[in-house]
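Can you keep this structure in mind? I'll have questions shortly.
Please treat every number below as a calculation from the coordinates, not as lab data. Computed from a prediction, not measured in an experiment: that's the story for all the values here. As a convention, Cβ positions derive from the backbone with ideal geometry for all residues, glycine included, and neighbour counts pool all protein chains shown.
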Amino acid sequence: MSLDALLQAARADVEGALDRWLPPAAREPRRLHEAMRYAVFAGGKRLRPAIASAACCAVGGTAALAMPAACALEMLHTYSLIHDDLPALDDDDLRRGRPTVHKNFDEATAILAGDALQTHAFEFLVVHVADPLRAVALVRELAVAAGTQGMVGGEMADLEAEGEQPDRASVEWIHERKTAALFSASAAMGGISGGADEAQLTALRQYGVALGLAFQVVDDILDETSDSATLGKSAGKDRAAHKMTYPAAVGLDASRQRATHFAQQAQHALDAWPDRDSVASLVALAEFTVTRIS
Ligand code: IPE
Ligand code: IPE
Ligand code: MG
Ligand code: MG
Ligand code: MG
């Protein structure tokens, strides 16, 4: 499958499933359910579901088997975006090409919609994964990636680093947690859904971490070099907020080189796969991560 086809299929599948399984907007409390759907159906790239789907296929599973993991990852990720945009965090007005949830609704609704998407992600895994051992493994992977040692811990460190003298080690420490942890979980959860063995899971986690690092370096680069219309979120915010980004630490050229290095590292994590065809989509996703423009 070509990369475009993979991304399109993952998008269509996950959006269909999310539409079926998120609480309907007409159900009380309506404002909360409307806000959850507003954030989820604003047109994200659905990259984490695509990674989960490709990883599941790489270990002999199917895209359908990865669907509970894919939906849970997208809900968790969307919650992280809603909260990342709040005035107390990055204070952003634009997300996925639309006003942020706290702008379109209000701050309390944005906080609660994020909370609800997070709990719904875990509920979704427990309800939709038939094998209880597999469900527990998926819940554990996502919880660790989202928690204090992962995304939330990284978000805290990102805020605390504002205005500090940037250095590469600190930026990588932040990136590994706020972004790469969820990428690692995306690859591992796809693997778990498809019945991966321990060696495969280790390789998939390594792939995901490197991919996430490449992804966040490029996110930092695009914040400096692109525009809000292309990104669907406000460009140029990182410098204005004195964020400790990759370009702030090492400059744009070295950042680009580093992104390529991480993408190659992601691809090398899959070197042990005997069948190259089965990891072709994961390899292509690593390429996409550094060539993307939004
Ligand atoms: C944005 O993630 C947040 C970061 C980790 C940089 P994405 O760029 O994947 O956002 P969407 O899902 O496509 O909107
Ligand atoms: C946030 O990183 C990553 C998350 C955990 C949401 P950024 O703050 O750089 O993400 P954007 O640029 O707002 O999407
Ligand atoms: Mg942020
Ligand atoms: Mg932000
Ligand atoms: Mg950013």
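For the subset of the stretch 48-87 comprising residues that are charged (D, E, K, R) and within 14 Å of ligand 3 (Cβ to nearest atom), which member is nearest to Met189 (Cα to Cα)?
Ranking the qualifying residues of the stretch 48-87, first place goes to Asp84.
Okay, residues lined up against (1) closer than 14 Å to Tyr246 by Cα; (2) hydrophobic (A, V, I, L, M, F, W, C); (3) surrounded by 24 or more Cβ atoms within 10 Å (Cβ to Cβ); (4) within 16 Å of ligand 5 (Cβ to nearest atom):
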| position | (1), (2), (3), (4) |
| --- | --- |
| Asp131 | no, no, no, no |
| Ala137 | no, yes, no, no |
| Arg140 | no, no, no, no |
| Gly150 | no, no, no, no |
| Leu159 | no, yes, no, yes |
| Val171 | yes, yes, yes, yes |
| Glu176 | yes, no, no, yes |
| Ser186 | no, no, yes, no |
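Yes or no: the stretch 82-95 includes at least one residue that is on the phi < 0 side of the Ramachandran plot, basic (Lys, Arg), within 12 Å of ligand 1 (Cβ to nearest atom) and surrounded by fewer than 21 Cβ atoms within 10 Å (Cβ to Cβ).
no
Can you tell me how many residues within the stretch 245-294 are of a type in the set (Lys, Arg), surrounded by fewer than 19 Cβ atoms within 10 Å (Cβ to Cβ) and either in contact (Cβ under 8 Å) with a residue 24 or more places away in the chain or in contact with a strand residue (DSSP E or B) (Cβ under 6 Å, 6 or more places away or on another chain) (or both)?
2
When the stretch 178-232 is examined, which residues are found to be within 13 Å of ligand 1 (Cβ to nearest atom) and acidic (Asp, Glu)?
Asp219, Asp220, Asp223
Still on this structure, I have one more. Give the residues of the stretch 112-129 that are more than 19 Å from the chain's Cα centre (by Cα) and within 24 Å of Leu89 (Cα to Cα), sorted by residue number.
Leu112
How many residues are within 14 Å of ligand 4 (Cβ to nearest atom) and in a loop (DSSP other than H, G, I, E, B) if we restrict to the stretch 64-94?
Residues flagged as within 14 Å of ligand 4 (Cβ to nearest atom) and in a loop (DSSP other than H, G, I, E, B) within the stretch 64-94 amount to 9.
Show me the helices (runs of 4 or more DSSP H) entirely contained within the stretch 95-189 in which 3 or more residues are under 21 Å from Lys237 (Cβ atoms).
101-104, 107-128, 151-160, 168-175
Of the conditions (1) aliphatic (A, V, I, L, M); (2) within 15 Å of ligand 4 (Cβ to nearest atom); (3) in contact (Cβ under 8 Å) with a residue 12 or more places away in the chain, Ala240 satisfies every one except a single condition; which number is it?
It fails just one condition, (3).
Can we say Ala214 is in contact with a Gly (Cβ under 9 Å, 6 or more places away or on another chain) and either buried (at least 18 other Cβ atoms within 10 Å of the Cβ) or among the small types (Gly, Ala, Ser) (or both)?
Working: in contact with a Gly (Cβ under 9 Å, 6 or more places away or on another chain): no; either buried (at least 18 other Cβ atoms within 10 Å of the Cβ) or among the small types (Gly, Ala, Ser) (or both): yes.
Considered against the rule, which asks whether it is in contact with a Gly (Cβ under 9 Å, 6 or more places away or on another chain) and either buried (at least 18 other Cβ atoms within 10 Å of the Cβ) or among the small types (Gly, Ala, Ser) (or both), Ala214 comes out as no.
Can you tell me how many residues within the stretch 14-35 are in a helix (DSSP H, G or I) and either of a type in the set (Phe, Trp, Tyr) or over 17 Å from the mean Cα position of the chain (by Cα) (or both)?
Here is the first cut: in the stretch 14-35, the ones in a helix (DSSP H, G or I) are 14-21, 30-35.
Narrowing the set further to residues that are either of a type in the set (Phe, Trp, Tyr) or over 17 Å from the mean Cα position of the chain (by Cα) (or both) leaves 16-17, 19-21, 30-35.
Qualifying residue count for the region: 11.
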